[in-house]
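Worksheet: one structure, shown below.
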Amino acid sequence: MTPAREWIPAGALLLAAAGALLVVLPLLGLLVRAPWGDLWSELTSSEVLVSLRLSLLCSLSATVVAVLLGLPLAWVQARAEFPGRALLRGLTLLPIVLPPVVGGVALLAAFGRRGLVGQWLDSAFGIRLPFSAAGAALAETFVAMPFFVLTVEGALRSVDRRLEDAARTLGAGVWRVFWSVTLPLVRPSLLAGAVLCWARALGEFGATITFAGNFPGRTQTLPLAVYVLLESRPEAGIAVSLVLVAVSLAVLVVLRDRWVRAL
């Protein structure tokens, strides 16, 4: 049955239109200023291609790490009962609202050469994460993993537990139930969370530039390249910005309903 249309006052409609314009006008400005005639040549320049290659490498690496660590974390937060679970969940989701630059500073405090873990990695293994491609991937993981955890945790909470109980009564152990019953049930949300995580990692700027720096060919991802190009070649910066906007819009349109349900 189709719900009846709700009458909305004219004042609310005007405010809604103003809110929509506040979002749409900057994007329209990008479209108007875009160098459509030279768009392909700008996007295929060596500088942009190097940044694109590094962005894909770092964002995909961040997504893989986020899935490997985030899936068990989401499972624990959704199913386990222990003191401090609410605090753990809050800390897990903190990077979503934390200023990215502050996230970069926190990463330096933990993984820098004199950080809590970084000094041990340096002295024991010679691993230095700051100002490296691995550091850029770590920064993207830190910022993007909460999106994956939140999406999968919401799916795990909504799973029909009777199906899992039925599997246990047939003699299946905890891991067998998880891999054979639970995981197939949440697979759509797992894929959606991974794509959302990847899109967030691809667009990360603040934590990356703070923790990994902005070195062309080593840590300069696409968002960082846009920052530099806007000063030297504004048309190229706008062209790359359009690509990032298109990717973000496509992900949000495809995954919007699932993301809203997770929240």
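For this structure, a couple of remarks:
- Residues that are over 10 Å from Ile238 (Cα atoms) and touching a residue at least 60 places away in the same chain (Cβ under 8 Å) within the range 24-42 comprise Leu27, Asp38, listed in sequence order.
- Selection from the range 81-108 of residues that are part of a loop (DSSP other than H, G, I, E, B) and not aliphatic (A, V, I, L, M): Glu81, Phe82, Pro83, Gly84, Pro99
- Enumerated helices (runs of 4 or more DSSP H) restricted to the range 163-230, each holding at least 1 residues that are surrounded by fewer than 15 Cβ atoms within 10 Å (Cβ to Cβ) and of a type outside the set (Phe, Trp, Tyr): 174-177, 183-202
- Scanning the range 77-91 for residues that are crowded, with 18+ Cβ neighbours inside 10 Å and of a type outside the set (Lys, Arg) returns Gln77, Ala78.
- Taking first residues from the range 76-101 that are under 11 Å from Leu150 (Cα atoms) and partners that are part of a loop (DSSP other than H, G, I, E, B), the Cβ contacts under 9 Å between residues at least 6 apart in sequence or on separate chains come to Ala78/Val159.
- Unique match (being over 22 Å from Leu98 (Cβ atoms) and either touching a residue at least 12 places away in the same chain (Cβ under 8 Å) or not small (Gly, Ala, Ser) (or both)) among Leu190, Leu196: Leu190
- The set of residues in the range 42-55 being surrounded by 13 or more Cβ atoms within 10 Å (Cβ to Cβ) and farther than 16 Å from Pro216 by Cβ consists of Glu42, Leu43.
- Given (1) under 28 Å from Leu52 (Cα atoms); (2) assigned to a helix (DSSP H, G or I); (3) aromatic (Phe, Trp, Tyr), index of the condition Trp120 fails: (1)
- Check on Ser189, closer than 22 Å to Leu68 by Cβ and either touching a strand residue (DSSP E or B) at 6+ places or on another chain (Cβ under 6 Å) or of a type in the set (Ser, Thr, Tyr) (or both): yes
- Hits in the range 138-162 (condition: of a type in the set (Ser, Thr, Tyr), at pLDDT below 90 and either crowded, with 24+ Cβ neighbours inside 10 Å or not in a helix (DSSP H, G or I) (or both)): none
The values are calculated or read from the model by the stated rules, or taken from the named source; none is laboratory data. Just so it is clear, the structure is predicted and the values come from calculations on it, not from any experiment. Ideal geometry is used to build each Cβ from the backbone, glycine not excepted, and the neighbour counts take in all protein chains shown.
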